[in-house]
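Comments concern the structure below.
Every number in this text was worked out from the coordinates using simple rules, so none of it is lab data. Since this is a predicted model, take the numbers as computed values, not measurements. So basically every Cβ, Gly included, is an ideal-geometry build from the backbone, and we count neighbours across all protein chains shown.
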Amino acid sequence: MLINYLYTLASLAVFFWLLLILLPKWSLTKWISSKLVFPFYLATLYTIGIISVVLDSGFGFVQNFNSADGVIHLLSNPQFALLCWIHILCFDQVIGHYIYQDNMKNRYLPLFIQSILLFITLMLGPLGFLIYGFVKGLRKWKRTDESNDRSRDFDRV
């Protein structure tokens, strides 16, 4: 079964999560992240899988997205469920890359907190993204506020 093989290959992406979480400053981690190697890797696996599904059963599965029952029925198919899992892994990787690259550039969070947040993103993707967005917004607001205070102090001199 092709999808089972793709699932096994997709599991290799956990190694990149380990690099992001445990070795964020390592040059190999930075290089792999800058090239988006693992999101493209997972996207390629997903693409192979979706082509396989379409060739096997056509585009009929698309109509199941119109209702909750249709989606549940779709996910009850083991092949499609595994394909959806690869889809989730891919997008969690994209979010993890965004958090890693943005925070390494702008340092909204200390590296230890970044690592915790990346683990949350690995396990609960959208929640990690939401937390990062909230913290980033607060940090940017605080930096802007501090910058405005400094410029007002400079204007008084």
3J(HN,Hα) from dihedral phi, the stretch 32-45, Karplus parametrisation 6.51/-1.76/1.60, rounded to Hz, x for glycine, proline
4, 5, 5, 8, 6, 4, 6, x, 5, 4, 5, 5, 5, 4
Between beta-carbons, use under 15 Å as the cut-off and find the net charge around Tyr41, counting Lys and Arg +1, Asp and Glu -1.
0
For helix 78-106, what angle does its Cα long axis make with the longest principal axis of the chain, in degrees from 0 to 90 and rounded to 10?
10
Just one of (1) 35; (2) 40; (3) 31 is percent of Cα pairs over 29 Å apart calculated from these coordinates, so which is it?
(1)
Integer Hz, Karplus 6.51/-1.76/1.60 couplings in order for the stretch 15-25, x for Gly and Pro:
5, 5, 4, 4, 4, 4, 7, 9, 10, x, 9
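Net charge near Leu117: determine it from the other residues with C-beta under 12 Å of the C-beta of Leu117, scoring Lys and Arg +1 and Asp and Glu -1. Working shown, then result.
On the way: positive: Lys136; negative: Asp102.
Cβ neighbours under 12 Å give a net charge of 0.
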A correct fewest-to-most ranking of Ser52, Ser11 by other Cβ atoms within 10 Å would be Ser11, Ser52
³J(HN,Hα) computed for each position of the stretch 54-66 - Karplus, 6.51 cos²θ - 1.76 cosθ + 1.60, integer Hz, glycine/proline x
5, 5, 6, 10, x, 8, x, 4, 4, 5, 6, 7, 7
